[in-house]
Amino acid sequence: MPSAISVIDDDRSVRLATNNLLTSRGYTVNIFRSADEFLQSAELKTTSCVIADVQMAVMGGVELLMHMRSLGHHTPFIFMTAFPDDAVRDRALKAGAICFLAKPFSTPALLECLRMALSGSDKTET
């Protein structure tokens, strides 16, 4: 069965582009426009990996990761951001993120992060 990936980004074009890329590679993808929408979904319990924007209204990606960990969810996280910041990257990686990608990122970089997330490999930054 293909892995289910949840993409969370408040930018519709990023959601759709990421969805198209991953579905073309055989993944099942669920897209969400906010962390809250994801937290209220059935996919919260079934997703194999979360790919989330760092900066979103109400709850950002790092806050979502920490919230999920506090609820006992150990889903791998990949972060993407148009505003890379060393302090935020360090915070994300310390919280357990697998990758931290600066937009625009390459397809191979995202696919490698996804491979690591789904295989349980070590963290990285790109």
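The values are calculated or read from the model by the stated rules, or taken from the named source; none is laboratory data. Note that the coordinates shown come from a computational prediction; the quantities given were computed from them, not determined experimentally. All Cβ positions, even for glycine, are placed from backbone atoms using ideal geometry, and neighbour counts span all protein chains on display.
Of (1) in contact (Cβ under 8 Å) with a residue 40 or more places away in the chain; (2) of a type outside the set (Val, Ile, Thr); (3) in contact with a strand residue (DSSP E or B) (Cβ under 8 Å, 6 or more places away or on another chain), Glu43 satisfies all except one. Which?
Every listed condition holds for Glu43 apart from (1).
Which helices (runs of 4 or more DSSP H) does segment 13-105 wholly contain that include 1 or more residues that are closer than 21 Å to Met116 by Cα and modelled with pLDDT of 95 or more? Working first, answer last.
Details: elements: 35-39, 61-70, 86-95.
Hits in segment 13-105: 61-70.
Of everything in segment 65-97 that's within 12 Å of the chain's Cα centre (by Cα) and of a type in the set (S, T, N, Q), which residue is nearest to Thr23 (Cα to Cα)? Give the steps one after another, and end with the answer.
First, pick out the residues of segment 65-97 that are within 12 Å of the chain's Cα centre (by Cα): 65, 75-81, 92, 96-97.
Subset that is of a type in the set (S, T, N, Q): 75, 81.
Values: Thr75: 20, Thr81: 21 Å.
The extreme case among them is Thr75.
Answer yes or no as to whether Thr126 is within 17 Å of Ser3 (Cβ to Cβ), surrounded by fewer than 21 Cβ atoms within 10 Å (Cβ to Cβ), modelled with pLDDT under 95 and polar (S, T, N, Q). Steps first, please.
On the way: within 17 Å of Ser3 (Cβ to Cβ): no; surrounded by fewer than 21 Cβ atoms within 10 Å (Cβ to Cβ): yes; modelled with pLDDT under 95: yes; polar (S, T, N, Q): yes.
Taking the combined requirement at face value, the residue does not satisfy it.
Taking Ala95, is it more than 25 Å from Thr28 (Cβ to Cβ), among the hydrophobic types (A, V, I, L, M, F, W, C) and surrounded by 15 or more Cβ atoms within 10 Å (Cβ to Cβ)? Steps first, please.
Values: more than 25 Å from Thr28 (Cβ to Cβ): yes; among the hydrophobic types (A, V, I, L, M, F, W, C): yes; surrounded by 15 or more Cβ atoms within 10 Å (Cβ to Cβ): yes.
Criteria met by Ala95.
Does segment 98-106 contain at least one residue that is farther than 20 Å from Leu21 by Cα and free of Cβ contacts under 8 Å to residues at least 60 places away in the same chain? Show your work before the answer.
Of all residues in segment 98-106, those farther than 20 Å from Leu21 by Cα come to none.
No; the residues of segment 98-106 include none that is farther than 20 Å from Leu21 by Cα and free of Cβ contacts under 8 Å to residues at least 60 places away in the same chain.
Could you figure out which of (1) of a type outside the set (Ser, Thr, Tyr); (2) surrounded by fewer than 20 Cβ atoms within 10 Å (Cβ to Cβ); (3) under 14 Å from the mean Cα position of the chain (by Cα); (4) at pLDDT 95 or above isn't true of Ile5?
The single condition Ile5 does not satisfy is (2).
For segment 58-73, state whether one or more residues are touching a residue at least 40 places away in the same chain (Cβ under 8 Å) and closer than 19 Å to Asp9 by Cα. So that I can check it myself, show each step before the final result.
Taking segment 58-73 and keeping what is touching a residue at least 40 places away in the same chain (Cβ under 8 Å), we get 61, 64.
This time we only want the ones that are closer than 19 Å to Asp9 by Cα, so: 61, 64.
Yes, segment 58-73 contains a residue that is touching a residue at least 40 places away in the same chain (Cβ under 8 Å) and closer than 19 Å to Asp9 by Cα.
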